[in-house]
Each structure stands twice: as structure tokens, then as C-alpha cells.
């Protein structure tokens with residue numbers, strides 16, 4: 001086997017582990033929250049934000065009123081709305097400020113994290129744990145993928161499974177989803 | 001008078017000129033297009049894009065279904081929708097590709113420019129001319145503000161006058177506008 | 001005079017006032033800070049962020065190592081670096097968190113604001129006041145431009161005057177500046 | 001096995017397949033291009049762009065001069081530079097315009113795609129094929145992950161393996177990489 005294929009297998013194994021270790025309800029929990037929300041606003045930073053944006057695009061493709069916090073077109077949230085925040089390491093100042101604002105707004109707050117005992121998950125109405133390495137605990141091991149890489153990739157795959165679940169629960173065809181894809185590319 | 005105040009006056013004069021030289025219908029033209037559209041998508045690049053985003057934020061504050069082309073939450077356009085494109089210098093490859101896509105989509109295309117004889121304005125359903133210097137003609141003069149700076153600032157002020165006009169035409173109060181401002185800051 | 005030209009004059013007057021009322025050192029203060037910095041990171045939200053980005057683009061055109069906080073390519077800051085934060089209304093939670101992080105980093109913090117007595121300007125190493133209306137005091141008057149519009153436009157013009165000053169102080173030609181403009185448009 | 005774990009296994013299998021089917025040189029090809037480049041600019045749209053941004057962040061963490069096309073801080077490219085473009089379906093108008101600009105600039109153009117026979121890969125100096133489903137061929141099968149999802153996730157994992165390779169080839173420690181992570185979060 002080539003070194004490249006060997007590394008693909010190592011990476012896949014590092015990503016598969018945390019996904020299989022997630023709570024059996026994890027996909028349903030976020031699916032239910034999205035279906036119950038009037039409006040959904042997503043917040044994160046760095047590479048986690050990129051994966052939330054990938055999910056935000058799918059939410060829009062499925063007809064949900066979804067926004068990325070900080071985008072110029074993002075609307076405010078209030079009671080009946082949902083804020084989804086990803087903070088792998090569990091606590092960073094900007095995320096804590098945002099979590100506080102989400103609480104004050106009256107919206108529900110769902111936190112995605114690898115560190116459920118940290119401050120921000122404790123502020124949430126609902127928590128989804130992705131038990132993967134992040135920058136909170138990335139030293140002193142021999143993992144192939146550094147820093148929060150595994151958390152970020154597992155986050156993307158998990159959110160795409162939620163998207164599959166949302167399609168089933170809303171009974172939409174693939175054609176309906178495709179029809180909401182941007183045509184200015 | 002201090003040098004700083006002197007320069008403020010020079011900058012103000014450079015910006016005021018093109019704004020006063022605009023077609024007397026310019027604010028109404030874009031206002032009418034926005035009011036007639038079902039969905040509005042904005043496209044530009046560089047500093048022009050930033051001013052379109054500032055306008056996109058105001059469109060959302062006024063309750064319009066507005067999107068920035070390329071944002072993950074941007075929806076597709078079709079007949080009944082409006083694409084607003086700013087291209088001060090009149091022609092650049094990425095803008096031309098976008099203008100072609102807008103035409104193909106069936107949406108109306110409104111182009112903001114300083115060069116109405118250029119290729120892209122000629123593709124538009126409606127054109128608004130801001131007769132200011134851009135990178136198409138910024139050499140060999142002694143203007144204080146370089147490159148497309150005057151076009152960009154005049155664009156922002158013009159779009160904010162359109163926003164004032166939209167508030168009047170939709171009969172909304174300032175409180176209604178403020179209520180759509182993001183509360184996650 | 002047409003109604004449109006009348007409104008252009010009103011808008012220009014509303015913008016010119018605060019610019020002329022600024023401290024005579026304001027352009028030099030930011031110019032000096034930029035010239036003394038190793039790296040510059042800009043932070044703001046909403047329409048203020050858009051104007052900081054317009055300035056960030058000019059900083060890059062002038063050869064400075066400038067970044068927008070939150071961009072994927074933004075590098076960290078430390079002693080010798082400069083954080084520029086705009087907060088017209090003087091205090092918002094996300095901005096306060098960012099200001100705290102800037103302080104902790106050892107970088108200098110320069111705050112642009114209309115409310116110098118507020119919390120965040122008090123945390124700064126240097127403050128530039130743009131004495132314009134923002135969302136902190138936009139009610140009960142008959143200004144044409146609503147909310148923080150005047151602050152935002154004045155901010156853009158002020159920052160473009162700083163860019164002019166940076167070109168003079170670094171002795172660069174317009175051609176050198178233009179050569180750093182993106183060629184993928 | 002729970003339905004959720006069953007689906008994790010299905011998703012993992014759908015992603016693993018194309019990664020193992022990639023050319024044995026794929027990781028080295030991009031690694032070599034990055035190491036030989038003076039400056040690197042990344043271009044894509046939608047969810048592919050998000051994965052390129054994730055890679056762009058890692059390039060910056062590793063000390064490379066990397067930019068996202070369209071960002072306000074992006075510098076121009078010329079001979080000696082590298083443009084990396086991802087276009088899973090092989091041809092879209094905006095990407096074709098960008099590829100043409102990249103060619104004109106004198107920079108090398110590396111294209112990531114699932115459709116190497118399409119127009120844009122044929123314009124490239126180097127091509128990396130990720131043989132996964134995209135919106136060019138997503139109908140009439142019973143895959144769990146819809147549209148370009150598998151391409152996008154495989155793209156992220158592939159690019160993270162390139163990042164691992166870049167760390168080895170530049171002989172940097174994890175601490176050196178971490179030290180370039182933003183500290184304004």
C-alpha cells in the first residue's frame with residue numbers, strides 16, 4: 001500500500017472514532033431543534049465557522065431561514081429562534097460573549113463542543129458532544145491530524161448527516177433541494 | 001485652517017461633484033427597481049463590494065429579501081428578481097461572467113458604473129451612472145483621492161439616499177428598521 | 001434644484017460637519033500608529049467593519065502587513081503590533097471581548113468611536129473621535145441619514161485621508177500602489 | 001447498531017472510496033507546488049470555497065504567503081505564484097473567468113476537480129482528481145450524501161493530508177504551527 005493510502009486510512013480512522021462515539025441521539029437532537037426553530041443563526045470562528053457555514057448553506061437549500069452571525073444580511077434572534085454555536089475547546093472569549101448575547105436574546109442556544117464540562121456548553125439549552133481532539137488537548141499524542149482537525153472534519157460529517165435527516169423529516173426531493181442552489185456561479 | 005480640515009474640504013468637494021452630476025432620476029430608478037423585485041442579489045468586488053454590502057444590510061433592515069452573491073445563504077435568482085452589480089471601470093472578466101449569468105437567470109440586471117459605454121452596462125436592463133474617477137481613468141490628474149476612491153464613497157452615499165427613499169416609500173418608522181438590526185454584537 | 005440634489009447637499013452637510021469637528025491631529029495619529037506597527041489587525045462589526053475592510057485593502061495596497069480579524073488568513077498579534085477597532089456607539093459585548101483580547105496580546109489598541117467616554121475607548125492606547133450620530137444617540141432629531149450612517153460614511157472618508165497621508169509619508173508613487181491591486185477580478 | 005452509527009459508517013465508506021482511488025502522487029503534487037510557490041491564492045465557490053479556506057488557514061499557520069481570492073487583503077499573482085482552484089463539476093462560468101485571469105497573470109494554475117476532462121482542468125498546469133460525486137453527476141444513484149457533499153468532505157481531508165506533508169517537508173514543530181494561530185478569538 002502506498003504511503004498516501006496508508007495515511008488516508010489513518011485519517012479516516014481518526015475521524016471515524018469520534019463520530020461512532022457520539023451519543024446515539026446526536027443527529028436527532030439537532031434535527032429536532034432546527035425543525036422547531038423559526039430562524040437559525042450560526043456562530044463560530046476559524047475552521048469551525050467554515051463547517052458551520054457549510055451547514056448553513058444546506059439549511060438554506062432545505063428552505064430554512066438560516067443566517068451566519070456577522071453576515072450583513074443576518075437578522076436578529078429572539079424567542080422561538082435557535083442559535084447554533086461550535087466551540088470545540090469549550091471556552092474562548094469571543095464565543096463566551098456571543099453565548100451571553102444569545103441567552104439575553106431569548107433564543108435557544110445549542111452548543112457543539114468536544115469539552116462539555118467547559119463554561120460555554122454549561123450556558124446552553126442543548127449540547128452535542130463530538131468527542132474529538134481540539135486545541136484544548138492536542139499535545140503529547142501521536143495522532144496524524146494536528147490541532148482541531150479531527151473535530152472540524154467530524155463536525156462537517158455530523159452536520160451533513162443532520163442535513164440528510166432534515167431532508168427525510170421534511171419530505172423533500174433532491175430536486176427541491178437543488179432548486180435552491182445559487183445560480184450565479 | 002489646519003491642513004487636515006483643508007483636506008476634508010478637498011475630499012468633500014471631490015465626492016460632492018459626481019453626486020450632484022448624477023441624473024435627477026438616479027435615486028428613484030434604483031428605489032423603483034428594489035420595490036418591484038421579489039428578491040435582490042448584489043454583486044461586486046473589492047471596495048465596491050463593501051459598499052454594496054452596506055446597502056444590502058440596509059435592504060434587510062427594511063424587510064427586503066436581499067442577498068450578497070457568493071454568501072453561503074444566498075438564494076438563486078429568476079424572473080421577478082433583481083441583480084444589482086457595481087463595476088465602476090465598466091468591464092472586468094469576473095463581473096462580465098456574473099452579468100452573463102444574471103441575464104441567463106431571467107432576473108433584471110441593474111448596473112452601477114462610471115463608464116456607461118463599456119460592455120457590462122450595455123448588458124443591463126437599467127443603468128445608474130456615478131460620473132466619478134475609477135481605476136479606468138485615474139492617471140494624469142491632481143485629485144486628492146486616488147484610484148476608485150471617489151466612486152466608492154459616492155456609491156455609498158448614493159445607496160444611503162436610496163435607503164432613505166425606501167423608508168419613505170414603504171412608510172416604515174425608524175423603530176421598525178432598528179428592530180431588524182442584528183442583536184448578536 | 002431637484003429633490004435629489006437637495007438631498008445630496010443635506011447628506012454632504014451631515015457628513016462634512018463631524019469630519020471638520022475632528023481633532024486636528026486625527027489623521028496624523030492613526031498614520032503614526034500604522035507607520036510604527038509591525039502588523040495591523042482590524043476589528044469591527046456591521047457597516048463599520050465594511051469601512052475598516054476598505055481601509056485594510058488600502059493598507060495592503062501600500063505594502064503594510066494588514067489583516068481583518070476573523071479572516072482565515074489573519075495572523076496573531078503581539079507587542080509591536082496594532083489593533084484598530086471601530087465602535088461608534090462606544091460599547092457592545094463582542095467588541096469589549098475583542099478589546100480585552102487585544103490588551104492581553106500586548107499589541108497597541110487604537111479605538112475609533114463617537115463615544116469616547118464609553119468603556120471600550122477607555123481601554124485603548126489611542127482614541128480617534130468621529131463626533132457623529134450612531135445608534136447610541138439616533139433618536140429625537142431630524143437628520144436625513146438614520147442610525148449610524150453618518151458615522152460610517154465619515155469613517156470611510158477619514159480612513160481614506162489617512163491612506164493619502166500614508167502614501168506621502170512612505171514616498172510611494174501611485175503606480176507602486178496600483179501594482180499591489182488584485183489582478184483576479 | 002443504532003441507525004446513527006449505521007449512517008456514520010455509510011458516510012465514512014462514501015468518503016473513503018474516492019480518497020483511496022486518488023492517484024498515488026496526489027498529496028505530493030500539491031505539496032510540491034506549494035513549496036515551489038512564492039505566493040498562493042485560492043479560489044472556489046460555495047462549499048468548495050469553505051474547504052479551500054480551511055486549507056488557506058493551515059497554509060498561513062505553516063508560514064506560507066497565502067490568500068483567498070476576493071478577500072480585501074489578497075495580493076495580486078504573477079510568475080512564480082500559484083493559483084489553486086477547486087471546481088468539482090469541472091466547469092462553471094465564474095470559475096472559467098478566474099482560470100483565464102490566472103493564466104493571463106503568469107502564475108501557475110492547479111485545479112482540483114472530479115471531472116478532469118472538463119474545460120477548466122484542461123486550462124491548468126497541474127490537476128488533482130478527487131473521483132467523487134458532484135452536482136455534475138448526482139442523480140440516479142442511492143448514495144446517502146447528496147449533491148457534491150462527498151467531494152467537499154474528501155477535499156477537506158485531502159487538503160489536511162497535504163498540510164501534514166507540508167509540516168514534515170518544512171521540518172516545523174507543532175508549536176511553531178500553533179504560534180501562528182490567531183489570538184483574537
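The values are calculated or read from the model by the stated rules, or taken from the named source; none is laboratory data. Fair warning: this is a prediction, and the values are worked out from it, not measured in the lab. Positions of Cβ are generated from backbone atoms using ideal geometry, with glycine treated the same way; all protein chains shown enter the neighbour counts.
Worth a mention:
- Out of C:91, C:137, one residue alone is out of contact with any strand residue (DSSP E or B) (no Cβ under 6 Å at 6 or more places or on another chain) and at pLDDT below 95. It is C:137.
- Scanning region B:159-173 for residues that are without any contact (Cβ under 8 Å) to a residue 24 or more places away in the chain, in a helix (DSSP H, G or I) and surrounded by fewer than 18 Cβ atoms within 10 Å (Cβ to Cβ) returns a single hit, B:168.
- Within region D:128-143, the residues that satisfy the criterion of being away from chain B (no Cβ under 14 Å) and surrounded by fewer than 21 Cβ atoms within 10 Å (Cβ to Cβ) are D:129, D:131, D:136, D:137, D:138, D:139, D:140, D:141, D:142, D:143.
- Any hit, region C:52-62, residues being surrounded by fewer than 23 Cβ atoms within 10 Å (Cβ to Cβ), in a loop (DSSP other than H, G, I, E, B) and at pLDDT 95 or above: yes
- Selected residue (criterion: nearest to the other protein chains (Cβ to nearest Cβ)) from residues of region C:13-29 that are part of a helix (DSSP H, G or I) and touching a strand residue (DSSP E or B) at 6+ places or on another chain (Cβ under 7 Å): C:26
- Where a residue in region D:60-82 is without any contact (Cβ under 8 Å) to a residue 60 or more places away in the chain and more than 7 Å from every other protein chain (Cβ to nearest Cβ) and its partner, wherever it lies, is assigned to a loop (DSSP other than H, G, I, E, B) and surrounded by fewer than 20 Cβ atoms within 10 Å (Cβ to Cβ), with Cβ under 6 Å and at least six apart: D:65/D:39; D:78/D:106; D:79/D:106; D:80/D:38; D:81/D:38; D:81/D:39
- Residue match in region D:34-55 (condition: under 22 Å from residue A:6 (Cβ atoms), out of contact with any helix residue (DSSP H, G or I) (no Cβ under 9 Å at 6 or more places or on another chain) and without any contact (Cβ under 8 Å) to a residue 60 or more places away in the chain): no
- Residues in region B:100-114 that are within 20 Å of residue B:38 (Cβ to Cβ) and either touching a helix residue (DSSP H, G or I) at 6+ places or on another chain (Cβ under 8 Å) or at pLDDT below 95 (or both): B:101, B:108, B:109, B:110, B:111.
- The set of residues from region D:160-184 being within 16 Å of residue A:10 (Cα to Cα) and more than 10 Å from every other protein chain (Cβ to nearest Cβ) comprises just one member, D:162.
- Residue list for region A:30-42, restricted to those being assigned to a helix (DSSP H, G or I) and within 16 Å of the chain's Cα centre (by Cα): A:30, A:31, A:32, A:33, A:34, A:35
- Top-ranked residue in region D:93-127 [being in a loop (DSSP other than H, G, I, E, B) and surrounded by 23 or more Cβ atoms within 10 Å (Cβ to Cβ); ranked as nearest to the chain's Cα centre (by Cα)]: D:114
- Residues of region D:128-158 that turn out to be more than 23 Å from residue A:182 (Cβ to Cβ), assigned to a helix (DSSP H, G or I) and touching a helix residue (DSSP H, G or I) at 6+ places or on another chain (Cβ under 6 Å), as a count: 1
- Members of region C:75-91 found to be surrounded by 24 or more Cβ atoms within 10 Å (Cβ to Cβ) and under 22 Å from residue A:45 (Cα atoms), listed by number: C:77, C:82, C:83, C:84, C:85, C:86, C:87
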